[in-house]
Structures are given as structure tokens and as C-alpha cells.
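Report on the structure given below.
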Amino acid sequence: MKALTVIPLEAGSAELSEVDEPPASDGPVLVETLAIGICGTDVEILTGAYGWAPPGRTRLVLGHESIGRVLEAPDGAPVQKGDLVVGIVRRPDPVPCANCDVLEWDFCRNGQYTERGIKEHDGYLSERYRITPDFVVKVDPTLGVLGVLLEPTSVVAKAWEQVDRVGGRAHWDPKTVLVTGAGPIGLLAALIGVQRGLDVHVIDQMTTGLKPDLVRDLGATYHAGALAEAVPGPDVIIECTGVASLVFDAMSHVGMGGVVCLTGVSSGGHTICVDEGALNRDMVLENVAVVGSVNANRRHYEAAADALAQAEPAWLGRLVNRRVPLAQWQEAVQRGPDDVKVIITVTPQ
Ligand code: BGC
């Protein structure tokens, strides 16, 4: 079968390879891949900046944002032949650490977790893959291929859970949220904010086009320009860019007692000038909390499935703004300024 493979940390090594059928050791559920979403992490892996091959191998099958259809499942499994499903990305570490032991692998304490398509375990960007029933999540069939948005939505569902838990350290009744970045993660974070009845603001660089339109059509307010001028003292800031200057702006401008949740993975290597003393003083005197959030466990996938089921399908359909056939995968990686979520179609419907 065909798979998009890459030699991690070797830029330009990606190719459409002919690989063996998925190994039985990956699990008894056999899934036909319909489509795979491409995100910043995939671009980092493709450009040689991130990623780990499975032990003893040089190539990794890419792809962690998936949607597929079950071809085979054992009797009594929670998924059955024909179901639309998404594969969970992370697997608990083998020790396991205290968190992986209670299925909170997104909080793995020893870093020995694996991630499909990212770290030491083949991803889903192959014509078929195998998986164990406990790592597969059923998707509302009406979503169709848009179920590919479940994984990025799980990441923001976890971020919102962190905001709630940290905010809940005192009386917590947030009204306003600012989301930095109108890419898929920012837009999906904004979607959940709107679903919670909050006054949602999103900031990005584009002044016209799909991103501002998607924000407004959600019922949120779009801003282009400086973070400080977008909205005064929001209760929550969800940072979805990883841009260092925005991270510090978020810490400085969140409201008193507010929560900043960082979800963007920065590339590093950019130095900015910060008055650490003033930042520290303000954060202390205003009880500001900053929390990093990565990955998602099954609870977050389930919350994400609820969020997508409540969303307007036409809005989700516009978020997936480009679909590229597997044979032309290179086009999916070249992102334009107006691209939001580009997906690779593996099995056309
Ligand atoms: C994925 C996460 C993963 C993270 C770090 C993100 O793109 O969505 O599941 O944990 O990268 O590897």
C-alpha cells in the first residue's frame, strides 16, 4: 500500500513509498484512511526540525490528524465495520508514569510516550492502518470527512479544560476570551468559546479573506493589529501561534486573575527583549496564571466530538479550505496566506 514517509530530522526526505500492510501488532481494528489533515507539526517534520522514526527504522509514516472508515473490527469492539473513526495520537509510556497509568497520557511525566505520525510510531497517512479499540474514537457519520478536525479540536478541548481547572482556583465566571491566531487551532478554540457563550475575540494578521470571515461568521470579533488594542483585560487568552512576542503580550495583557493558555509550539531561535521584572510584578500582583497545554486524552477527544457535532457543518466545511489528492501531497504542504486547514485525500469518497 502507499504511505507518505519521511526520514525524521532530514529535510526534503519525504516520499510516497510502497510499504507493507499494517502490522497485526498495531491492533485488531483495520481502518481505511479517508483523509489526513496537515498541521504545523507535520511541516516541522517535513522540514527536518522534529520527529522520531520507530525504533530500528529510518522512515516514519507521517500523519496524525485522521479520518477513516473501519474495514475490520473484532466482535464486541466499540467500533464496527463501516464506522467513521479517528485514531488517538499519543500512546502511554511503557513504564508507565503515574499519569499514563491513569490514561492521562497527555500529561506523561517521563517523555517516553509515543505519538503516531510524530514520535516512534507510524502515523495514519497510509491507505490503511491498524489500531487497538481503546485508541479509536467513533465520529458522528454526518460529519463525513470533516471528522478530520477531531484531533485538532481535541487539542483545544484540552486547553479549555486547563483554563477551567486553573480558573477554578478562585471564583471563576469568565466573560471574555482573546484567541491569538486564526489558524485551525485558533478558530477551533474560538468555536468552543462561542459555544460556551463567551464574548470571543480573535487576533491575526490578515485584514481580509477567509480567516476574518470565519471568525465573524462564528459570531466572534476579528482584530488585526496589536494584541494590547484588541480587547482590554480579557479573562482568558488562548495563545495559538507560538510567536514569542505574542506569548509575552498575552501574559502582560490578560485581565486580573486571568488565565493564559499556551498551545503554540515555538520554533525557538528568536530572541526578544522583555522586562522580566515588570512582567513578574504584574503577574504576581494580578494573580495571573500561565499554563502550557499539549496533546489530548480520550476525554478530550470525546469533548471535541461533542463540540464538532454542535458546530455548523457549513462553517467546518469552509475551515477545511483545500483538499489535495495523495499523489499531489507536495501541494498540501505549500500553504498560502489564506489557507486554514488543508487535507490530503487518501481514499476519495
Ligand atoms: C499534535 C499533538 C502532539 C504535539 C506534539 C501536535 O501537532 O496535535 O497530538 O502531542 O503535536 O508532538
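The values are calculated or read from the model by the stated rules, or taken from the named source; none is laboratory data. Not measured: the values here are computed from a predicted model. Because the Cβ atoms are built from the backbone with ideal geometry, glycine has one as well, and the counts that use them run over all protein chains shown. All accessible areas refer to the heavy atoms of the entire protein, side chains included, with ligands and DNA or RNA removed. Shrake-Rupley method; radii C 1.70, N 1.55, O 1.52, S 1.80 Å.
Observations, loosely collected:
- Accessible carbon and sulfur surface of the range 119-234 relative to its total accessible area, %, 1.4 Å: 50 percent
- Computed from the C-beta positions of ARG169 and ASP20, the FRET efficiency with R₀ = 56 Å rounds to 0.65.
- At most 11 other Cβ within 10 Å, DSSP loop - trypsin sites (Lys or Arg not before Pro), the range 151-189: ARG169, LYS175
- The range 52-120 shape via C-alpha gyration tensor axes, a/c threshold 1.5: oblate
- Length gained when the stretch LEU285-TRP52 is fully extended (0.36 nm per residue, less Cα-Cα span): 79.7 nm
- The alpha-carbon of LYS2 sits under 21 angstrom from the alpha-carbons of these lysines, leaving out residues fewer than 8 places away in its chain: LYS119.
- Taking all protein chains into account, the per residue accessible area for the range 211-349 stands at 49 Å² (1.4 Å probe).
- The chain: C-alpha gyration tensor shape, a/c 1.5 cut-off, then a/b vs b/c: prolate
- For the range 74-180, applying the loop criterion from DSSP together with a ceiling of 15 other beta carbons within 10 Å to the chymotrypsin sites (Phe, Trp or Tyr not before Pro) yields TRP172.
- For chymotrypsin sites (Phe, Trp or Tyr not before Pro), no site in the range 250-333 is both called loop by DSSP and has at most 10 other Cβ atoms within 10 Å.
- Residues ASP339 and GLU127, FRET efficiency given R0 of 22 Å [Cβ-Cβ distance, rounded to 0.05]: 0.30
- Gain on full stretching of the segment that runs from ARG109 to GLN310 - 0.36 nm per residue minus C-alpha separation: 69.0 nm
- Per residue, the accessible area of the range 3-113 comes to 44 Å² when a 1.4 Å probe rolls over the protein heavy atoms.
- Residue-normalised accessible area of the range 146-201, expressed per residue, 1.4 Å probe, Å²: 29 Å²
- Take the Cα of LYS81, go 7 Å toward its beta carbon, and the backbone nitrogen atoms of the range 28-50 under 18 Å from that spot belong to 28-33.
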